[in-house]
Every structure is written in structure tokens, then in C-alpha cells.
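Beneath this line is the structure, given in C-alpha cells, with notes to follow.
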Amino acid sequence: MRWLGLLLLSAALVGCAALVGSDLDTRFGPADPARFDAPMYSTGAGQTSAIDYDREIKPLLDRRCVACHACYDAPCQLKLSSFEGLARGANPADPYAVRLLEAAPTRLFVDAQTNQEWRSKAFHPVLNERANNPQANREGSVMLRLLELKRQAPINRDALLPEKEFDLSLNREQQCPRVEQMGQFEAKHPHWGMPFGLPALSEAEHLLLTRWIEMGAPRSAPAPIAQAEQALLSQWEGFLNGDSLKARLMSRYVYEHWFAAHFYFDAPAHASTKPQPYELLRSATPPGQPIQLIATRRPYDDPGVERVYYRLRQHRDSIVSKTHLPLRLNPARMKKMQSWFLDPAFEVSSLPSYAPDVATNPFVAFRQLPIDGRYRFMLEDAQFILSGFMKGPVCRGQIALNVINDHFWVLFADPVLEAERLDEELLASSYETLRMPAEQENMGGLLRFKTYAEQERKYIRIKSDLMNRRFGKQSPLNLDMLWKGGSANNPNAALTALRHFDSATVLQGLVGERPQTVLVMGYPLFERIHYLLVSGFDIYGNVGHQLATRLYMDFLRMEGEFNFLAFLPRADRAEVHARWYRGASAAHVEQLQQMGQFFEQESGVQFKGTQPALEQVFAQLRRRFAPIDDARWQPESARLDAASIALLQQLSQVQGRAAALMPELSFLSVEDEQGQVQHFSLLRNSAHLNVATPFKEERTRVPEEDRLLLLRGFAGAYPNALLQVRGADIEAFVRGVQKARTESDYAALMTRFGVRRTSPAFWAHSDSLYQAYQRLAPNEAGLFDFSRLENR
């Protein structure tokens with residue numbers, strides 16, 4: 001009877017929606033999905049308007065809507081970061097759903113080019129697609145009606161939202177009403193207007209959007225590319241589309257590492273605005289012709305054409321911090337790429353195929369390219385490459401990110417010290433053991449654990465045999481084997497990764513007093529991580545693909561950890577590693593024990609005194625990489641008096657229950673007596689018994705070992721809390737954090753110092769944070785995401 005009732009209710013709702021849709025059709029005519037495909041510009045082409053989309057509407061949407069509606073994790077897949085995303089509309093399907101079969105991709109600008117095509121992919125409009133008149137545009141716009149709904153029932157000012165009414169969790173059930181269902185939605189959820197769970201737009205902002213929608217939502221005419229920039233564009237497209245086999249193989253390799261990047265040309269000194277970013281695409285047409293996009297699931301999939309061309313296209317989405325991976329294109333970079341890939345004397349006899357057993361394995365596909373060139377190409381922008389699996393197209397990375405610790409350092413083998421010859425011999429002996437999971441997509445993730453384990457053991461044995469021959473008593477392994485950044489002191493030589501549950505950040509330099517672990521990478525490991533988690537990861541893949549990716553990354557992490565442990569005395573390695581893997585499964589313990597037995601040599605690092613060897617290595621690493629440390633992250637670089645800095649630095653000593661109560665990431669704004677504001681990131685580095693299990697992470701948590709870390713600036717894209725402290729109250733704030741033991745203590749802290757999601761000052765504070773981010777880090781700055789803001 002219960003199921004019968006639900007079926008009858010569903011049928012009734014469908015019937016009501018059909019009646020409403022019929023009424024809209026009667027009054028305003030049938031919907032035309034092509035309405036927003038044809039240009040209707042704010043000015044020109046017979047259309048005049050006092051409202052310009054690019055100058056007025058897009059900045060407003062960026063500041064108030066893109067905070068949640070960008071990337072794959074946009075609610076209802078409604079991307080408001082471009083006009084095309086707004087016109088495409090919404091889709092209730094969840095890209096992150098657990099599924100047995102892979103889903104069809106729905107990438108904006110890639111998998112469909114017209115709104116009619118998007119309608120066939122289950123997207124429905126949020127703008128009116130019927131007659132173009134003010135009344136129709138008001139009544140037929142889901143977007144405007146949701147904004148109106150918020151104004152009719154604004155949320156409580158500066159109070160917690162009722163949990164029974166507002167589900168703010170990431171995996172909440174999506175509500176994606178069509179315009180025909182809006183009457184029922186408004187009656188059932190009167191407090192669910194937009195922005196959801198945040199304050200309403202101001203009167204002026206709401207009026208501006210209303211007028212624009214009533215006018216038919218005209219867009220701005222596209223601005224032509226400046227002549228000087230067009231020349232640079234042509235120069236780079238020419239370089240990336242050379243006709244020789246050597247040039248074509250280089251460009252394929254470069255594309256598979258750069259496909260997620262946002263490219264900038266060096267701006268002229270007199271430029272007053274931030275230059276427009278570009279993205280690198282595969283096209284069936286050469287430079288000089290319109291781009292004919294080759295849309296494949298992965299960047300190395302078969303393009304289906306005889307010749308691939310690599311083209312640069314203006315990036316049309318707003319820049320959001322969670323996916324922003326900037327790279328500069330300039331003559332210096334081109335010269336280096338020429339020296340790495342084109343100048344060396346080697347021959348490319350034929351281009352590799354796109355067959356899965358070739359294309360998924362970079363060591364097979366690109367074996368004709370010099371290893372030294374490939375490794376130096378990745379090292380040059382190591383932060384960018386490593387950030388790919390944390391800030392790349394996945395957007396929400398829990399399936400990948402719960403395989404790493406919350407705070408660890410990443411270092412690299414020096415390519416100068418014969419590493420390339422070691423790698424050449426290693427790879428020549430290891431092709432069969434370096435196959436990637438994407439080669440065979442199926443549901444056998446857990447069943448393949450033993451296969452991956454055996455392959456990794458074979459590879460580590462081969463590698464250890466080579467290292468045992470290379471690093472003996474006459475030439476022991478020591479810290480001089482680590483890359484220091486070359487003659488230019490490249491700051492990418494030492495990196496810090498900070499995980500915030502299902503997102504993460506990579507910073508240049510060794511940040512934080514004591515990392516939870518350290519990874520040391522040579523070329524083979526660095527390359528495999530990229531092809532596993534960036535080039536080879538499919539957000540639309542099935543659960544088998546996701547699980548296989550997670551399990552395979554386990555072994556890559558362990559390999560990087562073993563590389564670091566080789567710098568410790570042999571007698572200390574097992575104890576350190578055992579602490580990193582407390583409570584690990586029997587299979588993991590067996591794998592760790594076998595891997596640990598292969599490298600037999602003693603460390604060449606000099607140890608003195610009674611301090612633990614691990615702490616001594618950390619201290620030596622700090623001294624070694626001091627020349628490239630980025631001082632901007634240090635709290636003492638903020639423009640505050642010494643006493644205030646000293647108080648704030650005490651936050652980095654907070655650990656245990658007090659630390660565990662704090663959010664993963666808080667943005668802390670401190671105002672001095674002169675009214676100047678300094679911004680900090682307060683991170684909780686969560687402790688785990690181990691990170692060797694993909695399920696039920698909470699079972700491995702060790703809250704009593706949690707620690708806080710205070711950094712200057714913005715280290716993360718998804719703040720969980722916004723804090724605001726006046727200079728005179730710094731001590732009270734620090735003491736409040738230190739003494740917190742209960743949720744009530746934390747609530748009192750937020751009541752006094754927090755800018756809650758319901759605060760009347762929320763949007764003004766949000767604007768000030770983004771403006772400060774642009775001043776502090778203009779190259780990295782992007783819009784923040786507020787979907788993780790807590791309701792505490």
C-alpha cells in the first residue's frame with residue numbers, strides 16, 4: 001500500500017507539472033531550446049540594453065552564485081560560471097554517484113554544443129525559453145523564482161539554520177525543480193530560495209538580475225583577441241603543431257600533462273586587467289582554421305582522426321580556486337621545451353598507437369622521448385603537476401584523497417646525479433609491472449588488490465636491486481641525491497601537501513613544523529601518479545574504476561614513503577613505518593614488510609646526538625631547502641606587531657581535543673588598530689592510524705593527535721568557517737581555541753568571532769576575502785567555494 005501511495009503521488013505531481021507546462025505553453029508559446037544559442041547581445045544587432053552581461057551580470061553571478069555553482073560539484077550540475085552554463089540549465093543526475101556502469105559525460109563546452117543537445121541529455125532550462133517578454137521571462141525563469149523565494153522568506157539573521165529543514169551535507173539529495181514544478185516546490189520548501197543556506201542578495205543586486213532576466217538575459221558581444229595576444233597565440237600553436245614525428249610526439253606528451261591548465265601569456269607592463277586565460281585542446285583542424293574539438297573521456301583516448309592538432313581556446317568559465325591550475329606561456333618556457341624534446345639527438349621512428357595497452361602507459365607510449373627531458377618537464381612545474389589530482393577536473397576528490405595524509409612533504413630525486421640512467425635501466429626492465437588500472441576497466445577493484453601488490457613487489461625488487469648496486473658503501477644514499485631546484489633555485493623542488501578531507505592544496509616550500517609523512521619521487525613514480533589520478537581518472541567512471549584507482553594509489557604512496565625511509569638508519573625504518581601504518585590490514589602489513597626488505601643499504605645521512613633520526617632528517621631538509629622556502633606563508637610575514645604575531649603563532653601548537661574541534665580549514669581575518677586587515681588560514685591536520693583503507697575513514701581517526709597549523713594568506717579553496725578578530729581580541733581568541741573542549745565551547749567561539757553563513761555581513765566579508773586573495777596571490781587567485789561552510 002505504501003508503494004501504491006507513492007506511485008499515485010508521483011503520478012499526481014507529474015500530472016500537475018504537465019498542466020502547469022501546458023498553461024505556460026498556452027500563454028507564452030512552446031519552449032524553444034535554441035533561443036539562447038543565437039546571439040542576443042546587450043548592445044548592437046538591433047538589441048539595446050543598459051545592462052551589460054560581462055560588466056554587470058557576470059561579476060554579480062561570480063560573487064554570489066559561483067561560490068557553489070561551478071565544476072562538477074555544482075548542485076544540479078547548474079554551472080553559473082559562464083553564460084553557456086546558465087543557458088544549459090540543470091540536471092538532477094549526480095556525477096559523483098556510485099554506479100555499476102559508467103555514465104555519459106556532461107562536460108560544458110565539450111560534450112554538447114547547443115542547448116537542444118543538452119536537452120536531449122536531460123538538462124532543463126532555468127531561464128525562460130518561451131516568448132521573449134518581461135512577464136514570460138519572469139514566470140518562466142526557475143532562477144528568478146528561486147531568488148524571489150529567498151526574498152519572501154529570508155533566513156534567520158546570524159543564527160544557526162535548523163538541521164531538520166536545511167541539509168547542508170555534500171551528499172544531500174538534490175532538489176532540481178523544472179519551471180513546471182516551481183509552484184509545488186515553493187509551497188513545500190518556502191525557505192529554500194537561492195542562495196541556498198546563505199543570505200539573500202541585496203535589493204540592488206536582486207533588482208539588477210530581475211531587470212536583466214526580464215529583458216531576455218542578453219549576453220555581451222565577444223571581445224576580439226588583441227593583435228599582440230593573437231601573435232603569441234599563433235606562435236605557440238605553431239610550436240605545438242610541428243610536422244616532424246619528434247615534434248608530434250612531444251606535443252602529445254605535453255598535452256596529456258597540460259590539458260587541465262589555464263594558460264596566460266605574459267601581460268604587457270601597462271595592462272590594467274588580468275589577462276584572459278586559455279585552455280589547450282585537441283582539434284581535427286590545424287591552426288588558422290576554426291577549432292573542431294575532439295571530445296574524448298580521457299586526454300589519451302583514440303581521437304578518431306589521422307592527425308591531431310593542439311589548439312589554444314579562450315577559457316570561458318570564471319576562474320575558481322578549486323580548479324585553477326595556472327601556467328605562463330613565454331619565450332623562456334618554449335626555449336626549455338625545445339632543449340628537452342627537440343634539440344637532443346634521438347629519432348622517433350613511428351608514433352605510438354592509441355590502443356589501451358599503449359595509451360594508458362606513458363612508459364610505453366613515450367619511450368622514444370628522452371627520460372631526462374620528460375622528468376625535467378615535470379619538475380619545472382612540479383607544484384602544477386602534483387596539484388592536478390587535488391585541484392584538477394575531479395573537484396571532489398574523496399575517493400583519491402583519503403589515500404593521503406593531511407600534511408606531508410614531497411621531494412624529488414635530482415636528475416643530474418645519474419638518475420636518468422638509473423631510470424632508463426629501471427624502466428627497460430619494468431614495462432610489464434607498470435601497467436595502469438585504466439588499461440582494463442572493470443568491476444574487479446578489490447579482486448585486483450593482489451595483482452597490484454604483486455606487480456608493485458616485482459617493480460620494487462627490480463628497483464631495489466639497481467639501487468643496491470648503485471648506492472653502496474662507496475656511494476651511500478644521502479640528501480645530496482635530492483633535487484634543490486637547479487641553478488635557478490626552482491621553488492618546485494620542495495612541496496607541501498595539505499589535505500582538507502575531500503580537497504587539498506599544494507604549496508611550494510616545506511611548510512609546517514613537522515609533517516605526518518614525506519614522499520620522495522623519481523620520474524617513474526611522479527609519472528604514474530599523474531596518469532593514475534589526472535590523465536587516467538574519469539569522474540564519470542563506475543565504482544570499479546574508482547576503487548581500482550584508490551587501491552593502486554596505495555602502492556604509489558607506499559613507494560614514495562619507502563624512498564624517503566631509505567635516508568633513515570636501517571634500524572629505524574621499520575619503527576617509523578609501523579607508526580605510519582598502525583592498525584593496517586594484514587595484506588598491507590605483508591606488502592610493507594616485503595617491500596621493506598629489498599633495499600639493503602645503510603643511509604649515508606650523518607646523524608649526531610640523541611635526537612631521533614627522523615627529527616634530524618627533518619632539520620637537515622629544512623636547512624637544505626631554506627633558499628627556496630616561500631616566506632609569504634609564514635605568519636611573521638603579516639603586517640602585525642610582534643606581540644600579535646607571537647600570540648597567533650601559538651595556534652600552530654594546539655593539538656588534541658582542542659584541535660579536533662576546529663574545522664578542516666578556517667579563514668581568519670585579523671584587523672589591527674589602524675583598520676588594516678591581515679588574512680590567515682587556520683588548518684586542522686587530522687591524524688589517522690593509517691590511510692591504507694578506502695572505507696570508513698572515521699575508524700582510523702586519532703583526534704587526540706590532531707594539530708592546528710596557521711599560515712598567512714589563503715591555503716585552500718573550500719573554507720569551512722570564516723573568522724574575524726580585532727587586534728585587541730587576539731589573545732581572547734587564541735585562548736578560546738586553546739581551551740575549547742566541547743561543541744558548546746566552539747559555538748561560543750563562533751558566536752563571538754565567527755562570520756556565520758547567516759550573518760548580515762556575510763557577503764561583504766566574502767567580497768573582502770576575494771579582493772585580498774587577488775592582492776596577495778594574483779596568479780593563483782580564484783573564487784572560493786562555500787559549499788563546505790559549516791552550520792555550527
Taking θ as phi - 60°, what are the ³J(HN,Hα) couplings along the range 699-708 by the Karplus curve (6.51, -1.76, 1.60), each to the nearest whole Hz, with x for Gly and Pro?
6, 9, 6, 10, x, 5, 9, 4, 9, 9
Give the aspartates and glutamates whose C-alpha is closer than 13 Å to that of LYS450, dropping any in the same chain fewer than 8 places away, or say none.
ASP554, GLU590
Search the structure for amide H atoms under 5 Å from the amide H of ASP266, placed 1.01 Å from N in the peptide plane, and list their residues when 5 or more places away or on another chain.
LEU329
Across 10 Å bins from 0, what is the distribution of all Cα-Cα pair distances for the range 469-533, in whole percents?
15, 41, 34, 9, 1
FRET efficiency for GLN650 and ALA571, Cβ-Cβ distance as r, R0 = 35 Å, nearest 0.05?
0.45
5 Å is the cut-off here: which amide hydrogens, built 1.01 Å from N in the peptide plane, fall below it relative to ALA90, excluding neighbours closer than 5 in sequence?
HIS124, VAL126
Round to the nearest 10 and give me the degree value, 0 to 90, for the angle of helix 371-380's Cα axis relative to the longest principal axis of the chain.
50
Quick check: pseudo-label points 7 Å beyond the Cα along Cα→Cβ at LEU168 and GLN184, how many nm apart are they?
2.9
When only DSSP loop residues count, what GluC sites (Glu not before Pro) in the range 297-401 have their Cβ near at most 15 other Cβ atoms within 10 Å?
GLU306, GLU347
With labels modelled as points extended 7 Å from the Cα through the Cβ direction, what inter-label distance (nm, one decimal) is found for ALA221 paired with ALA122?
4.1
Compute the length gained on full extension between ASP465 and GLN620: take 0.36 nm times their separation in residues and subtract their Cα-Cα distance, giving the result in nm to one decimal.
53.1 nm
Excluding ligands, DNA and RNA, what is the solvent-accessible area per residue of the range 546-631 at a probe of 1.4 Å, expressed in Å²?
43
Please enumerate, by chain and number, the lysines with C-alpha under 22 Å from the C-alpha of LYS188, excluding those fewer than 8 residues away in the same chain.
LYS150, LYS164
Quick check: the angle from helix 586-596's long axis to the longest principal axis of the chain, C-alpha only, nearest 10 degrees?
50
³J(HN,Hα) computed for each position of the range 631-639 - Karplus, 6.51 cos²θ - 1.76 cosθ + 1.60, integer Hz, glycine/proline x:
5, 5, 7, 6, x, 5, 7, 6, 8
Report P(r) for the range 702-792: all Cα-Cα distances, bin width 10 Å, range 0 to the bin holding the largest distance, values in whole percent.
13, 43, 36, 8
For LEU482, list long-range residues whose amide hydrogen, built 1.01 Å from N in the peptide plane, is under 5 Å from its own amide hydrogen.
ASP414
GluC sites (Glu not before Pro) within the range 641-678, DSSP loop, no more than 15 other Cβ atoms inside 10 Å
GLU673
Any idea which of THR296, LEU327, SER349 is furthest toward the positive side of the dipole for the range 286-368, if Lys and Arg beta-carbons carry +1 and Asp and Glu beta-carbons -1?
LEU327
Would you mind computing, in nm to one decimal, how far apart the modelled labels at GLN771 and ALA103 are, each placed 7 Å from Cα along Cα→Cβ?
3.8
Using θ = phi - 60° and the Karplus form 6.51 cos²θ - 1.76 cosθ + 1.60, what ³J(HN,Hα) does each residue of the range 609-620 get, whole Hz, x for Gly and Pro?
x, 9, 5, x, 4, 4, 5, 5, 5, 4, 5, 5
Do any of LYS79/LYS322; LYS58/LYS322; LYS391/LYS696; LYS246/LYS336 go past 21 Å between their Cα atoms, and which?
LYS391/LYS696
Pick the calculated Cα extents along the principal axes in Å for this structure from (i) 83, 77, 50; (ii) 88, 69, 67; (iii) 73, 67, 58?
(ii)
Go ahead and run the numbers for FRET between ASP480 and LEU207, Cβ-Cβ distance against an R0 of 51 Å, rounding to 0.05.
0.20
Is the shape of the range 272-345 rounded, prolate or oblate, going by the alpha carbon gyration tensor and its root eigenvalues a ≥ b ≥ c, with a/c under 1.5 for rounded and a/b larger than b/c for prolate?
oblate
Loop-resident sites, the range 279-351, for trypsin sites (Lys or Arg not before Pro), counting at most 13 other Cβ within 10 Å (DSSP):
ARG307
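The values are calculated or read from the model by the stated rules, or taken from the named source; none is laboratory data. Computed from a prediction, not measured in an experiment: that's the story for all the values here. All Cβ positions, glycine included, derive from the backbone under ideal geometry; neighbour counts span all protein chains shown. Note: areas computed on protein heavy atoms with side chains; ligands, DNA, RNA excluded. Shrake-Rupley method; radii C 1.70, N 1.55, O 1.52, S 1.80 Å.
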